[in-house]
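Chemist: The structure's right below; bear with me while I get my questions together.
The values are calculated or read from the model by the stated rules, or taken from the named source; none is laboratory data. No experiment lies behind these values; they were computed from the predicted model shown. Ideal geometry is used to build each Cβ from the backbone, glycine not excepted, and the neighbour counts take in all protein chains shown. These area figures cover heavy atoms from the full protein model, side chains too; ligands, DNA and RNA do not enter into them. Shrake-Rupley method; radii C 1.70, N 1.55, O 1.52, S 1.80 Å.
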2 protein chains.
Amino acid sequence: MGLERFSFNQATAKFWPLPEVVAGCAVAGVPGIGLWREPVRDYGLARTAALVREAGLTVTSLCRGGFFGADDWLDDNRAAIDEAAELGAPAVVLVCGGLAGRSLEPARARVAAGLEALAPYALDAGVRLAIEPMHPMFCADRSVVATLGAALDLAAPFPPEAVGITVDTYHVWWDERVWELIAAAAGRIACFQLADWILPLPADVLVGRGLPGTGHIEFPRFLTAVAATGYTGPIEVEVFNAELWSRPGQEILNDTIAAYLALT
Amino acid sequence: MGLERFSFNQATAKFWPLPEVVAGCAVAGVPGIGLWREPVRDYGLARTAALVREAGLTVTSLCRGGFFGADDWLDDNRAAIDEAAELGAPAVVLVCGGLAGRSLEPARARVAAGLEALAPYALDAGVRLAIEPMHPMFCADRSVVATLGAALDLAAPFPPEAVGITVDTYHVWWDERVWELIAAAAGRIACFQLADWILPLPADVLVGRGLPGTGHIEFPRFLTAVAATGYTGPIEVEVFNAELWSRPGQEILNDTIAAYLALT
């Protein structure tokens, strides 16, 4: 496997300035980049769109929408869809939000209602909503959608071109149903992200992920399972890791590329 | 709800000496106690059995067997069963072990093989093996059995009086299938434990649990769902919490009883 399908999610080098990330990717022959709304906003939306276009990069996803428990969820998600459309990103990754004052089922119902409100808007914009099931350790505070099964159930009422899912290995690897659920996700995979499960978990569990190959996840099996659904889209590496973030951006990119290439 | 079905798991007051825990429970009118092998061994097995008998307490479970990736797993699990029998404990809670050098499916197959080796021994001893699905954040290092669904699948080949499951609210609350899986567990629930999910997770996620009612879990719904299976056995409170552990044992017991009584 070469770099044809590789995408570098900019959160992997969180503190690397956007123009440097883009330039670094272009020089390294990386075709795709996953962007985050905050650095895009800081650099300027139109300016970012021009920058990546001129660098010959494809924006593979925009993080993130969701958080359906927030007061401004509707406006904010519409803005995320608009931004993705302007960047040419095919998908907005949805981190659906935690309990936010509700118990689990009402909080999940809130996500379903949010998707219903947003799906037509996303369809009009040509941007897919990519529900990201997050590891159950984030269920209370970040995402009440904790499994691929739950994400697929939420997506089911909508056309796949409006609502898809994100498969992030870090969040779903432990699930004994993961292979059947990936098979069931055929046509719904809007974003495919790689990060490894490493131990020990750090004090802030959010930033304890590893580059693929440094932990416990079976990546070849994930690549095979996702390919078997017919998915031929980008493969992002997105790693939140405090130690990694402390290093120079170019070094992070180099190591991420090496980790990706070593998977085959 | 009175204390008729309440059991105090001694791990909730980890540093309270065994004879004091037993005396404290007896004085407080607590009928049941969940014991751990290490403090029992330190105090002496026969001596502990006599102590709890004389105090009029019932041992509701013994923690723990499992860890099927360990070299001495067979001898150690047989010893746990023997110890439970001597204590009159109806169940040995199984923490099934993490990956321990294998990938996920072979590690799960190792658990299945371990159960097959142990089930007749447990049946002979009149002690149930109580497979405990643990929260997926422990999948790599403590239990490859991460959901009630996986636990039930592992238990299915065996008679319910040999192999049951543990329902611990802390480990399973996030699962969108939890209510259907509890219903499917009818006749298999060998141990029912309560602990709450509190935030933030501490640096050591193992010891970040809360007394029931201090976090995000819907206990009334769990009590109702488990009762609906026909389960009429003990209800243990088992909370690993570093701050709680730092307090005097009697105070921990008092607060645990109050938390339990407040659930109704």
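Chemist: Among residues belonging to region A:182-209 that are part of a helix (DSSP H, G or I) and more than 12 Å from chain B (Cβ to nearest Cβ), point out the one that is modelled with the lowest pLDDT.
Modeler: Our first condition is that a residue be part of a helix (DSSP H, G or I); within region A:182-209, this holds for A:182-184, A:205-207.
Adding the requirement that they be more than 12 Å from chain B (Cβ to nearest Cβ) leaves A:182-184, A:207.
Numbers: A:ILE182: 98, A:ALA183: 98, A:ALA184: 98, A:VAL207: 92.
Restricting to residues being part of a helix (DSSP H, G or I) and more than 12 Å from chain B (Cβ to nearest Cβ), the top hit is A:VAL207.
Chemist: Restricting to region B:240-264, give me the number of residues that are in a helix (DSSP H, G or I), under 16 Å from B:PHE15 (Cβ atoms) and open to solvent by less than 50 Å² (accessible area, probe 1.4 Å).
Modeler: Adding up the residues that qualify gives 6.
Chemist: Output the number of residues of region B:99-110 satisfying the condition of being open to solvent by less than 40 Å² (accessible area, probe 1.4 Å), within 9 Å of another protein chain (Cβ to nearest Cβ) and either more than 18 Å from A:TYR170 (Cβ to Cβ) or in contact with a helix residue (DSSP H, G or I) (Cβ under 7 Å, 6 or more places away or on another chain) (or both).
Modeler: Here the count works out to 2.
Chemist: Of the conditions (1) away from chain A (no Cβ under 11 Å); (2) assigned to a helix (DSSP H, G or I); (3) within 17 Å of the chain's Cα centre (by Cα), B:PRO212 clears all except one; give me its number.
Modeler: With respect to (1) away from chain A (no Cβ under 11 Å); (2) assigned to a helix (DSSP H, G or I); (3) within 17 Å of the chain's Cα centre (by Cα), B:PRO212 is out only on (2).
Chemist: Considering only residues that are surrounded by fewer than 24 Cβ atoms within 10 Å (Cβ to Cβ), more than 17 Å from A:TYR231 (Cα to Cα) and either within 14 Å of the chain's Cα centre (by Cα) or charged (D, E, K, R) (or both), which ones fall in region A:136-171?
Modeler: Across region A:136-171, the qualifying residues are A:ASP141, A:ARG142, A:ASP153, A:TYR170.
Chemist: Taking the criterion of being within 18 Å of the chain's Cα centre (by Cα) and closer than 28 Å to A:CYS139 by Cα, would at least one residue in region A:44-57 satisfy it?
Modeler: no
Chemist: Looking only at region A:209-224, which residues are open to solvent by 20 Å² or more (accessible area, probe 1.4 Å) and not acidic (Asp, Glu)?
Modeler: Taking region A:209-224 as the starting set, the residues that turn out to be open to solvent by 20 Å² or more (accessible area, probe 1.4 Å) are A:211, A:213-216, A:218, A:220-221, A:223-224.
Of everything in region A:209-224, those that are open to solvent by 20 Å² or more (accessible area, probe 1.4 Å) and not acidic (Asp, Glu) turn out to be A:LEU211, A:GLY213, A:THR214, A:GLY215, A:HIS216, A:PRO220, A:ARG221, A:LEU223, A:THR224.
Chemist: Another question, if that's okay. Exactly one condition in (1) among the small types (Gly, Ala, Ser); (2) in contact (Cβ under 8 Å) with a residue 24 or more places away in the chain; (3) within 19 Å of B:GLU116 (Cβ to Cβ) is false for B:ALA28; which is it?
Modeler: Answer for B:ALA28: the failing condition is (3).
Chemist: Additional query: Can A:VAL237 be described as hydrophobic (A, V, I, L, M, F, W, C), open to solvent by less than 20 Å² (accessible area, probe 1.4 Å) and in contact with a helix residue (DSSP H, G or I) (Cβ under 8 Å, 6 or more places away or on another chain)? Reasoning before the result, please.
Modeler: Working: hydrophobic (A, V, I, L, M, F, W, C): yes; open to solvent by less than 20 Å² (accessible area, probe 1.4 Å): yes; in contact with a helix residue (DSSP H, G or I) (Cβ under 8 Å, 6 or more places away or on another chain): yes.
Here the answer is yes, as A:VAL237 does meet what is asked.
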